[in-house]
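See below for the structure under consideration.
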């Protein structure tokens, strides 16, 4: 189990190159054009001319390529190995979807083209929206949100629109979120103008029903919930939860970050959720790209469809259209119609798996997570909080609290040491209700041997913690750089957020 | 035939499945779902393709659907309006398809993600140079949402609740701004324009600006393509009222136009798509957001920011995410925004693009675009029945073409153009009724002289037909 990441000590672009070098040559202006327009400076008002050339580095094409290849070699992706970040669903990103997303027949389309010239992509988007509605058990789906949190924002805005049309928006100002919720939930609720009310989880790791009952009131706008929750448990009282919220006059919002284990098994719409967002870049296999782009479509039940952003894609039996005539629409949440190239990949993914394949991927993701629960059960210092017997779904959360008490080795240390074994770390310190949390989501992508390798690494790290803790405390050793000073990076005295800032306050190396 | 073993799911092999179930102590995967109430279990097969297709068939299927597209590869297309056709150097595509970048997550573990972190830091740095600012975040979703976030940011900083924006603004950008602003109690007020030259009406600004104004927002070049030349004066008025000055840009103009940092912008936003990202029917895009080095601004900035640091032992420089206490995963409902997943890979594409073009390339890009666009204006304005541009101002890459003198409506003209295998500009007659039958045309370095000449010929024919 040896691993050594490339370590190039690659200089930043600004320290490279030489005056006069060129990385790309643009088409030249034709003589006829030049003659007709005359002196270029007359085309720009005097007050608006750039006087000093942009201070960009001057590099040749091979230098640029080499620089970024070096950088890529100092980066770990899901193609490098297990990437068990909990709630992030780092599954394999099929290569065929990449080649389809790079087709010029998609790349070269402007969003304002005449509908007759874009029927193919409209059909793909229309069909995908229907499929997502079917998978989530919702009535209509909007593909516009560019990310999960963007979907959450849309969802909470839809709640607001619904309240407004019922004349209840002054009254219902509280949005309830569990203490185990993803951070985006309370942030989205606040962004849409709601007051966030936190409801605690019970001893079983699920929402405390009694606490929920005492939380809801005439002020309740709704509840944001992910199911399975961030401990990997299915909220088995979901029917009662839905009833409590609906009886209180609120709406139920589904955070789809954890939908993967339920594909073809159960649907949020059937559980009583009114608004559902899904993460295309999680459940539907599109690449995360180091943080994006993703896509976060939102599905709603019938009564809410009239509030969805414009345009809606419609089909008249022959042609697909963009329909802007939706008087009750909330308007727009972004420039055009969503991250189309990402959505196309999801379309191809569903086509590649079909219903049977999607269900299989859900089942195997759950199998893999529970397999790891078993494999890690007797690692010294690592414990599994909450019900030992109850099956997890897509992810499991372990605690390194005992290990820390015994040896001083924290969840963060374990995570850093995992990097040394050529694995990615799990999500750490989340959910907040687990002390020294290590949240592990293996997904269906990885074969048994890779899961075994992960379990073996955790074993070794535990042994190291009890016998030679220095090696763990000082990890990572085999990555491009050793442990970074993240505090220093945000300290006002040393903070450099761009090359400009860096130049102004040269950082001391020690 | 059912494909029992899927190529994306290694443990779907029955033997492996059995072995793993044995380890867990179950005999059927169903046992892992036993806690889901029976009433909630799906009893039917969903209305999806039943079984997956082999890769070859998926490829054929999607290619066939998209083959009906007509693109700017098969005809000259004069559309822009926030999503512009620019050539993407082959190097850019090569780099963003590197799977170490493509398949990585948000760099939460910096030591194993230095490549992405450095590339994003370089993106931030290059954007700062281009727009003349000190700090840039590592991306927003797009220009429209960046505007919404910038308005909220300005309101938080000034504790004021009014944003002044020009009447000449992309209507969808304005619609997005309204949706973002309303829940924060922010009012949007619009500023008029000079009907001859399109420039912002300074009297309107003077009348509307007050101690309630959180920010004044302008776009340069404007939505209708002309260069706003009173930026300095607008800046002075804005700052006099204690408001922030937000400027929206098309970054391809900044090789030849004065960067907003030089005319007093506090926050710069814009659309980064034209810097190395394909149009893709409108997404993914790349929201630019930058600001001055001012702690009040930086602390209120939404989104992820990458900074330089050193290793703990101080021997090596490295990169990591900074100021995470602004963000939702730490601050939850008190975060500056809910944004998490952003457009990182598009930012990397723009980083590579700017590294390739360099100062000379960006200058030549601007020169080529402004030359070709002004050539088009000159050629089209010679056609009887056309008024172009509507506003007597300097235009960069987009410009208005009015068909009122010919008594034709834009829709008809565009239909006739399409019959001649040319896609005309965006019909903005409904967006700006005061401008009559008008289309917004876009010309970049990808439009050759012959494309423009072909357009002129076609328009001459179409407009003559009636007379």
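Could you tell me, in Å, what Rg and Dmax come out for the Cα atoms of the stretch A:137-237?
Radius of gyration, then largest Cα-Cα span, for the stretch A:137-237: 13.9, 39 Å.
If each of residue B:331 and residue B:73 carries a label point 7 Å out from its Cα toward its Cβ, how far apart are those two points in nm?
Each label point is offset 7 Å from its Cα along the Cβ direction, giving 4.4 nm.
Semi-axes of the equivalent ellipsoid for the stretch B:202-298, please: Cα gyration tensor eigenvalues, times 5, square-rooted, ordered largest first, whole Å.
Working from the Cα gyration tensor, I get semi-axes of 25, 15, 12 Å.
Once you have the Kirkwood Rh of the stretch A:355-400 from its Cα pairs, apply Stokes-Einstein at 4 °C and 1.567 mPa s and quote D in µm²/s. Walk me through the intermediate numbers first.
Details: Rh = 11.4 Å.
The Stokes-Einstein estimate is 114 µm²/s.
I want to verify the translational diffusion coefficient of the stretch B:140-199 in µm²/s; compute it with Stokes-Einstein, Rh as the Kirkwood radius over Cα pairs, at 4 °C and 1.567 mPa s. The partial results should precede the final answer.
Working: Rh = 12.0 Å.
The Stokes-Einstein estimate is 108 µm²/s.
Hey, can you rank A:44-55, B:253-264, A:371-382 by average C-beta count inside 10 Å, highest first?
Peptide ranking by packing, descending: B:253-264, A:371-382, A:44-55.
Per 0.36 nm of contour for each residue apart, how much would the distance between residue B:206 and residue B:26 grow if the chain were fully extended, relative to their Cα-Cα spacing?
In short, 57.3 nm is gained.
What are the extents of the Cα atoms of the stretch B:230-273 along their three principal axes, listed from largest to smallest and rounded to whole Å?
33, 17, 13
Over the Cα atoms, compute the radius of gyration (one decimal) and Dmax (the largest Cα-Cα distance, rounded to a whole number) for chain B, in Å.
Gyration radius and largest Cα-Cα distance of chain B: 25.9, 85 Å.
Hey, what D do you get for chain A in µm²/s if you plug the Kirkwood alpha-carbon radius into Stokes-Einstein at 25 °C and 0.890 mPa s?
Translational diffusion coefficient: 96 µm²/s.
Please average, across the residues of B:22-35, the number of beta carbons from any other chain that are within 10 Å of each residue's own beta carbon, and give a whole number.
Mean inter-chain Cβ contacts per residue within 10 Å come to 5.
With runs of 4+ DSSP H residues as the only contributors, calculate the mean residue ellipticity of chain B at 222 nm using -39,500 (n - 2.57) per run, divided by the residue total and rounded to the nearest 500. Walk me through the intermediate numbers first.
Working: 14 runs with 172 residues, N = 467.
Result for chain B: -11500 deg cm²/dmol, rounded to the nearest 500.
Can you tell me the order of B:394-405, B:208-219, B:333-344, A:145-156 when each peptide is scored by its average per-residue count of other Cβ atoms within 10 angstrom, highest first?
Highest-to-lowest ranking by the protection proxy: A:145-156, B:333-344, B:394-405, B:208-219.
For the stretch B:131-168 and the stretch B:305-341, what is the separation of their C-alpha centers, rounded to whole Å?
21 Å
I want to check the label-to-label distance for residue A:377 and residue B:47. Put each point 7 Å from Cα in the C-beta direction and report it in nm to one decimal.
With each label placed 7 Å out from Cα toward Cβ, I get 4.4 nm.
Can you pull the percent of Cα pairs in the stretch A:217-304 with separation above 14 Å?
It works out to 66 percent of all Cα pairs.
Which shape class, rounded, prolate or oblate, goes with the stretch A:1-101 when its Cα gyration tensor gives a ≥ b ≥ c as root eigenvalues, a/c under 1.5 marks rounded, and past that a/b bigger than b/c marks prolate?
Details: a/c = 2.91, a/b = 2.08, b/c = 1.40.
Prolate shape, in that a/c is at least 1.5 and a/b is the bigger ratio.
How large is the Kirkwood hydrodynamic radius of the stretch B:359-466, in angstrom, based on all distinct alpha carbon pairs? It would help to have the intermediate numbers written out before the result.
Numbers: mean 1/r = 0.0714 Å⁻¹.
It is 14.0 Å.
Could you state the angle between the C-alpha long axis of helix B:114-131 and the longest principal axis of the C-alpha atoms of chain B, as a value from 0 to 90 degrees rounded to the nearest 10?
That works out to roughly 10 degrees.
Take the stretch A:370-434, drop everything but the C-alpha atoms, weight them equally and run the Debye formula without solvent; then report log10 I(q)/I(0) at 0.14, 0.15 Å⁻¹ to two decimals.
-0.41, -0.48
Starting from the 7 Å offset along Cα-to-Cβ, what nm value, one decimal, do you get for the label separation of residue A:7 and residue A:387?
Result: 4.7 nm between the two label points.
Need the C-alpha centroid separation for the stretch A:262-288 versus the stretch A:86-161, integer Å.
When both Cα centres are located, 13 Å separates them.
How large is log10 of I(q)/I(0) for the stretch B:90-354 at q = 0.14, 0.17 Å⁻¹ when the intensity is taken from the Debye formula with one equal scatterer per alpha-carbon?
Cα-only, vacuum Debye calculation for the stretch B:90-354: -0.93, -1.33.
Go through A:121-127, A:496-502 and give me the packing order, highest mean Cβ count within 10 Å leading.
Numbers: A:121-127: 21.6, A:496-502: 23.4.
Averaged packing, sorted descending, gives the order A:496-502, A:121-127.
In square nanometres, what is one fourth of the surface area of the convex hull spanned by the alpha carbons of the stretch A:99-351?
Mean projected area for the stretch A:99-351: 13.4 nm², to one decimal.
Equivalent ellipsoid semi-axes for the protein assembly as shown, as square roots of 5 times the alpha carbon gyration tensor eigenvalues: give them largest first, rounded to whole Å.
45, 31, 28
Give or take rounding to whole Å, what are the principal axis extents of the alpha carbon atoms in the stretch A:1-51, in descending order?
That gives 67, 27, 22 Å along the principal axes, largest extent first.
Give me a single rounded figure for B:368-379: the average over its residues of other chain Cβ atoms within 10 Å of their Cβ.
5
In whole angstrom, how far apart do the alpha carbon centroids of the stretch A:162-224 and the stretch A:413-453 sit?
So the separation of the two Cα centres works out to 30 Å.
May I ask you to compute the full-extension gain from residue A:432 to residue A:115, defined as 0.36 nm times their residue separation minus their alpha-carbon distance, rounded to one decimal in nm?
Taking 0.36 nm per residue and subtracting the Cα distance, the gain is 109.3 nm.
Report the FRET efficiency, 1/(1 + (r/R0)^6), for residue B:233 and residue A:130, where r is their Cβ-Cβ distance and R0 is 56 Å, rounded to 0.05. Working shown, then result.
Working: r = 52 Å, r/R0 = 0.94.
Working from the Cβ atoms, E equals 0.60.
Considering the Cα positions of the stretch B:1-156, please state its Rg to one decimal place and its Dmax as a whole number of Å.
Using the Cα atoms of the stretch B:1-156, the pair Rg, Dmax is 24.3, 64 Å.
Under the √(5λ) rule applied to the eigenvalues of the Cα gyration tensor, what semi-axes describe the equivalent ellipsoid of the stretch B:307-373? Give them in Å, descending.
Equivalent ellipsoid semi-axes, largest first: 35, 21, 9 Å.
Laboratory data are not the source of any read-out in this text; all were calculated from the coordinates shown. Given the structure is predicted, the values throughout are model-derived calculations rather than measurements. As a convention, Cβ positions derive from the backbone with ideal geometry for all residues, glycine included, and neighbour counts pool all protein chains shown.
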